[in-house]
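All remarks here apply to the structure that follows.
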């Protein structure tokens, strides 16, 4: 299987959930072996920030990358869409400090990638094939990768809280482009009403609203449209984890098991995996059946009709294809 990039460039805009800042993003095709690179076009020297574990500088409530004195935050949803749909190389030009949150999910990002199409590059894709378990933990929370008999990537994520809405949730399955679009991309970020004041006092959630997050009080979901899935919260945690593991820079083959992990623990897992080279091997070319853009557009449009930007059917996507 060859590395892939976008066939056309894409543009979108919106506010950042934490900074509240408006920004415009253009995503361009890129050459093989260049990975995902963010460019801060609003800064004089236009610094380039690679999506790499060595560039993670903050994991409070989101994943922030930094290099050359510049940062770009809340990258995980866009990175998850790249990973879930098989984009290995892209340049992401952003004129602000944060990737727009859109509706709090990766549905718009997934749709724009499918509409732009994918282009094969003249280089084999690289895979990290797990041979022995690797695990990180913090109290009861953990992230662990296990070998699998087939050349697949699967995930099993569980969470439970003493809350009537969250309670106990689990998501388990293997991944394809169709699975990502139908089951994971539309799941929105969520937060608790009781924490909003504290977050904003710390410079976070300044752009958060019912339009871009599920908000939960002591007993219920406050969003009028309710949930997109009965277990939407755990599906969003899967989305976050996919985005965070993408900073490996290679496709992962194995069974990923996690319990109540967040961005910090996800990052610690990636670091440990990178430093445990005796527990995996690098393969080039042959891997699982990857996401194909053929036929995915219909799936993406169906998902968009079901899960518009404010949860209502029939919303149009806020992006352009060049």
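In the chain, helical runs assigned H by DSSP with n ≥ 4 each contribute -39500 (n - 2.57); averaged across all residues and rounded to the nearest 500, the mean residue ellipticity at 222 nm is -6000 deg cm²/dmol. Taking Cα centroids, how far is segment 47-113 from segment 131-179 in Å? Here the answer is 22 Å between Cα centres.
Counting neighbouring beta carbons within 10 Å and listing from fewest to most, the residues 163, 236, 263 come out as 163, 263, 236. Note: relative contact order over the chain, using C-alpha pairs below 8 Å and six or more positions apart, is 27 percent.
Across 237, 272, 135, mean-square fluctuation computed from a Gaussian network of the chain (C-alpha pairs under 10 Å connected) peaks at 272. Here the relative contact order of segment 127-284, from alpha carbon pairs under 8 Å that lie six or more residues apart, stands at 43 percent.
Entry for segment 1-68 at q = 0.17, 0.18, 0.23 Å⁻¹: log10 I(q)/I(0) = -0.80, -0.89, -1.30, Debye formula applied to identical alpha-carbon scatterers, no solvent contribution.
Read-outs throughout are calculated quantities, based only on the coordinates presented, and are distinct from any laboratory measurement. Being a predicted model, the structure only gives us computed values, none of them experimental. We place every Cβ from the backbone using ideal geometry, glycine too, and count neighbours over all the protein chains shown.
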